[in-house]
Amino acid sequence: HDALPISEGKYRLVYQEESQDKRKTSSLLIAVQDTIAGTVRDTASLSGGESFQASLALALGLSGTVQKRSGARRVDAMFIDEGFGTLSDQELNAAVDVLSAMAGDRRQIAIISHVARLEECIPSKLRVTKDRREGSRVRIEV
């Protein structure tokens, strides 16, 4: 029930028991509570950056839930593919801060991205480049 650190407390994901048309459902329905405006809205109304933040927060929350419910099992690795291009500089910094804190907890986080701004934030990189004659090349930067 904590606010998402990624959104600096502005948003909270909340469970809905009814769909928009007021039918009960057995599927997982999630809405976004805007703590500043005091409103709850459908996730379909989120912008690209907000949608990425909500997806990341949900993935982190599910990872924590799986870890708690499985006892000794840990979720030691997470792969995040793109989405960073939709974030403002402030949103990108908040997302990187959360991921860095998680990575410091013996967890490996791999980010697959073409966003140049991430290069400054991520210390270790695995670069894959494509060469027409030689094919793909992999370079590790630590």
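The values are calculated or read from the model by the stated rules, or taken from the named source; none is laboratory data. As the structure is a computational prediction, the values presented were derived from the model and not from experiment. The accessibility values were calculated without ligands, DNA or RNA, using every heavy atom of the protein model including side chains. Shrake-Rupley method; radii C 1.70, N 1.55, O 1.52, S 1.80 Å.
Across the chain, Cα pairs under 8 Å and at least six residues apart give a relative contact order of 17 percent.
Could you pull out every residue, at least 5 positions away or on a different chain, whose amide H is within less than 5 Å of the one on Ala110? Hs are placed 1.01 Å off N in the peptide plane, and Pro or chain starts have none. Excluding prolines and chain starts, which carry no amide H, the hits are Met78, Phe79, Ile80. Tell me the carbon and sulfur percent of the accessible area for segment 77-123, rounded to whole percent, probe radius 1.4 Å. Carbon and sulfur: 51 percent of the exposed surface of segment 77-123.
Against the chain, whose longest principal axis is taken from its Cα atoms, helix 48-69 shows a tilt of about 90°.
Based on the alpha-carbon set only, what is the convex hull volume of the chain divided per residue, in Å³? Could you put the intermediate results ahead of the total?
Values: hull volume 23.1 nm³, N = 142.
It comes to 162 Å³ per residue, whole-number rounded.
Compared with the dominant Cα axis of the chain, that is its longest principal axis, helix 89-103 is turned about 80°. From largest to smallest, the equivalent ellipsoid semi-axes obtained for segment 43-114 from the alpha-carbon gyration tensor read 23, 15, 10 Å.
For Tyr11, the residues whose amide H sits under 5 Å from its own are Leu4, Thr35, ignoring neighbours fewer than 5 places away on the same chain, with H placed 1.01 Å from N. Shown here are the Rg and Dmax of the Cα trace of segment 94-140, at 13.2, 41 Å.
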